[in-house]
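Report on the following structure.
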Amino acid sequence: MVKKSQDVADTIVIPSNPVDRKALKDGLYEMGGHYRIQDDQKEKIKDIVDSLFDKYKIPKKVINKMAKTLYKSNYEEVTEENQQFEILMDTINTVSASPTAGHAILDEED
């Protein structure tokens, strides 16, 4: 059985040039900085959500969905998905004698 470290050495090309190694290391540190920025932004978003919830008592899940919808400018898509969801849930919750009764046809957009 081959050791795990040997497997890695066989599948990954490790830069031997010191300049390339430094560039790799610098890139990784730069990525780490961007991960920090993302974490900070997520914390700011959480604070805003908490504040809006405290002030207006709108559920946090709804606040997040509203903000994402505004950001993505996809209100029509979200409302269409919600309508399809509502139809499907109503359909499966409808008690009927026929297994196909009450099924609605949904247009699928791809």
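Bear in mind these aren't lab numbers, they're just calculated from the coordinates by the rules spelled out. Computed from a prediction, not measured in an experiment: that's the story for all the values here. A quick note on method: Cβ atoms are made from the backbone with ideal geometry, for glycine too, and the neighbour counts reach across all protein chains shown.
Assuming 0.36 nm per residue, please report the length gained on full extension of the stretch residue 37 to residue 83 beyond their Cα-Cα distance. Write down the numbers at each step before the final one.
Numbers: separation 46, 0.36 × 46 = 16.56 nm, distance 3.66 nm.
Extra length from residue 37 to residue 83 when fully extended: 12.9 nm.
Just give me a number: lysine pairs in the stretch 16-57, eight or more positions apart or cross-chain, with C-alpha atoms less than 28 Å apart. Present the calculation step by step, with values, prior to reporting the outcome.
Details: 25/42; 42/55; 42/57; 44/55; 44/57; 46/55; 46/57.
So the count works out to 7.
Mind giving me the FRET efficiency for residue 23 and residue 73? R0 is 35 Å, r the Cβ-Cβ distance, nearest 0.05 is fine.
Working: r = 38 Å, r/R0 = 1.08.
For residue 23 and residue 73, the calculated efficiency is 0.40.
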